[in-house]
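Contents: one structure, followed by commentary.
The values are calculated or read from the model by the stated rules, or taken from the named source; none is laboratory data. Note that this is a predicted model, so its numbers are computed, not measured. Cβ coordinates were reconstructed from backbone atoms using ideal geometry, including for glycine residues, and neighbour counts include every protein chain displayed.
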Amino acid sequence: MTIAEFQVAASKGQGRAIQELRDGEVHPSFRVLRRLVFRWPGHDWQCETSRGWYVAELIRLSSCPDELFDALIHQLPRTKGARRHRHHRESAAFELAKRGVGPAKKAIYSHFDPANDFRFADHILDLDGLDGLDWIVSRSVDQFSAKEVWQFKLWITDFRESLGEQVVADWFAEKAPNRPDIAELSRLVAAEDPETRAARPKRDASIPFEEFYDQWHQGASARPSAVMWVHWATQEELAKAWRSFEEAHEPDWLGVLARGLSRIVDLVDIDKLVVRALEWKAERNPFVIVLERVIDPRVRLLGFELIAAGWTVDGIALFGNNGLVEDVPFLLNVVRSLEDADHLHFVGMDLLRLPTEPGFAPIFEWIAEMTPCSLCRNSAVRDLIEINAASDALLKECLFDCDEDTRDMAAKALGSLQ
C-alpha cells in the first residue's frame, strides 16, 4: 500500500489502513497522520458515526504515538474552525479516555464548558455516569434556567432508562439534603414544562394547492414544507399539484414538488414524466427524483436512455427499484467510470435499493469498496453477509472499520463461519 492509497483508505475509514499500519506495511509521516487525527477526513460528518476508535488506533499503531497524542491534547481547547473537525478531535480524546489514558480524561474535564453548549458534558457522563453528573451540576448552576434546564432533563431521562428509575431517585435522595444545587435540579426536573408558546397553526395543513403555491412563491421566510403539504392535502388538491409538476418549467418549484410528490407516486403519469425527464438538461433531474420511486419497466428503459445521453448519476438512480440481475455488468461498467465523491455516494445509495439477492453481489461489493460513506459501506457489507457473499478478506478488513456496527457485524459473521 502506498502512502496515497493509505490516505484514501483512511479518509474513507476503511479497515485496510489500520491493517497495513498494524502490519508495518505502510509508514505514513507525522504530517500525514496529524491531518487524519486533527481534521475530519470523511464525506458526511452529520450522517456518519464518530471515528474516535479509528483515530485512536491510528495513533496507537503509528511510529509516533506520543507526539500525536500530545498534539491532539494541545489542540483540544481549540473551538474555532469547522465543527466537524472539533468533534473529530473530541471523539478521539474520548476514546483514549475510555481506554484509560489519564491525560485524555483530564483534558476532557478541564475543557468542560457549560456556557458553550455544555462542551464535553456528554463525554463526562459516558465516562463517569452519575458521578460525572454530580461534577457537572456543581459547575453549571448558572445554567439552571428555563432555557437550559431541558438539557439536564434529557440527561436524567437517559439515566432513568439505563440505570432505572429507583437508582436515579436514590441518587437525588442522597445528594439533595446537603447539596442546594442538586436539590434545585431535582425541583426543576420534577416540575412540569411551562407553556412557552401557543400551538402553532398548521399553515400548510389541508390548504388548497393555489394557496400553497402562493405561499411558496412569497419568499424563503414564508415558504411552507412541500412534504407536509402533500401529507395533509386532499386527493383533489394533489391532482392539481401533479398537473403543475407535469407542466411547470421553474427549476426550484419543480424541485420542491418533486421532494413532496415522490412520497405518493401512485398518482404519477409515467409516460408524461418520462418525456419531461428526457427534456431536462441539468443535474438532479426533478422528474427522476419522482420516477426513481416507481417500479415499472418504462422507468428502467429511461435509465438506459439517460445514461446514454451522459446523465449517468440520474440514470443509475432509476435502476435502484427497477434493476435486473442481467443489468449488473452494464451498471458496473458505468459506475467504474465515476470519480467524483458525491457521485460515488449518490449512486451507491441508489444501488443499495436493489434486491438483496446473490445476483447483485458484484454491485454490493463495488459499493463496499468505492463509497466514500461509512454508512453506505455498512449497508453493502450487511447485504453481502445476508446473501452469504461476503469474502473472508472483506470481513477481516471490516473488523477494523471506522464504523462500530460494521466491526461488530463482521466479528459476528466471522464467528459464525468458524
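Below is a table of values for the structure above.
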{"read-out": "Residue pairs meeting the criteria (Cβ under 6 Å; at least 6 apart or on separate chains; first under 23 Å from residue 92 (Cα atoms), in the range 379-408; second among the β-branched types (Val, Ile, Thr) and surrounded by fewer than 23 Cβ atoms within 10 Å (Cβ to Cβ))", "value": "403/49"}
{"read-out": "From the options 363, 367, 295, residue that is in contact (Cβ under 8 Å) with a residue 24 or more places away in the chain and in a helix (DSSP H, G or I)", "value": "363"}
{"read-out": "Any pair with Cβ under 6 angstrom, 6 or more apart, that starts in the range 155-182 at a residue that is touching a residue at least 12 places away in the same chain (Cβ under 8 Å) and ends at one that is of a type in the set (Val, Ile, Thr)", "value": "156/189; 159/168; 175/182; 181/137; 181/141; 182/137"}
{"read-out": "Which listed residue, of 283, 339, 305, is charged (D, E, K, R), loosely packed, with under 14 Cβ neighbours inside 10 Å and either touching a Gly at 6+ places or on another chain (Cβ under 9 Å) or in contact (Cβ under 8 Å) with a residue 12 or more places away in the chain (or both)", "value": "283"}
{"read-out": "Single residue of 78, 139, 84 found to be without any contact (Cβ under 8 Å) to a residue 12 or more places away in the chain and among the basic types (Lys, Arg)", "value": "78"}
{"read-out": "Qualifying positions in the range 110-142 - crowded, with 17+ Cβ neighbours inside 10 Å and touching a Pro at 6+ places or on another chain (Cβ under 9 Å)", "value": "111, 121, 136, 140"}
{"read-out": "Counted residues, the range 355-380 - those being within 21 Å of residue 21 (Cβ to Cβ) and surrounded by 19 or more Cβ atoms within 10 Å (Cβ to Cβ)", "value": "4"}
{"read-out": "Pair list, Cβ under 7 Å, 6 or more apart: the range 1-22 residue on the phi > 0 side of the Ramachandran plot, other residue surrounded by 23 or more Cβ atoms within 10 Å (Cβ to Cβ) and assigned to a helix (DSSP H, G or I)", "value": "13/54; 13/374"}
{"read-out": "In the range 17-40, the residues that are more than 20 Å from residue 66 (Cβ to Cβ) and buried (at least 23 other Cβ atoms within 10 Å of the Cβ)", "value": "17"}
{"read-out": "Selection within the range 266-290 - closer than 16 Å to residue 347 by Cβ and either of a type in the set (Gly, Ala, Ser) or not in a loop (DSSP other than H, G, I, E, B) (or both)", "value": "288, 289"}
{"read-out": "Count - residues of the range 74-95 that are surrounded by fewer than 18 Cβ atoms within 10 Å (Cβ to Cβ) and either aliphatic (A, V, I, L, M) or in contact with an Asp or Glu (Cβ under 7 Å, 6 or more places away or on another chain) (or both)", "value": "1"}
{"read-out": "Candidate set: the range 109-152, residues that are among the acidic types (Asp, Glu) and not in a helix (DSSP H, G or I); chosen: the one nearest to residue 168 (Cα to Cα)", "value": "148"}
{"read-out": "Candidates 91, 140, 110 - the one that is of a type in the set (Ser, Thr, Tyr) and under 21 Å from the mean Cα position of the chain (by Cα)", "value": "91"}
{"read-out": "Tally, over the range 94-107, of residues that are in contact (Cβ under 8 Å) with a residue 24 or more places away in the chain, within 27 Å of residue 150 (Cα to Cα) and over 26 Å from the mean Cα position of the chain (by Cα)", "value": "1"}
{"read-out": "Lone qualifier among 221, 244 - being out of contact with any Ser or Thr (no Cβ under 8 Å at 6 or more places or on another chain), of a type in the set (S, T, N, Q), part of a helix (DSSP H, G or I) and modelled with pLDDT of 85 or more", "value": "244"}
{"read-out": "Conditions (1) free of Cβ contacts under 8 Å to residues at least 24 places away in the same chain; (2) crowded, with 20+ Cβ neighbours inside 10 Å; number of the one not met by residue 52", "value": "(1)"}
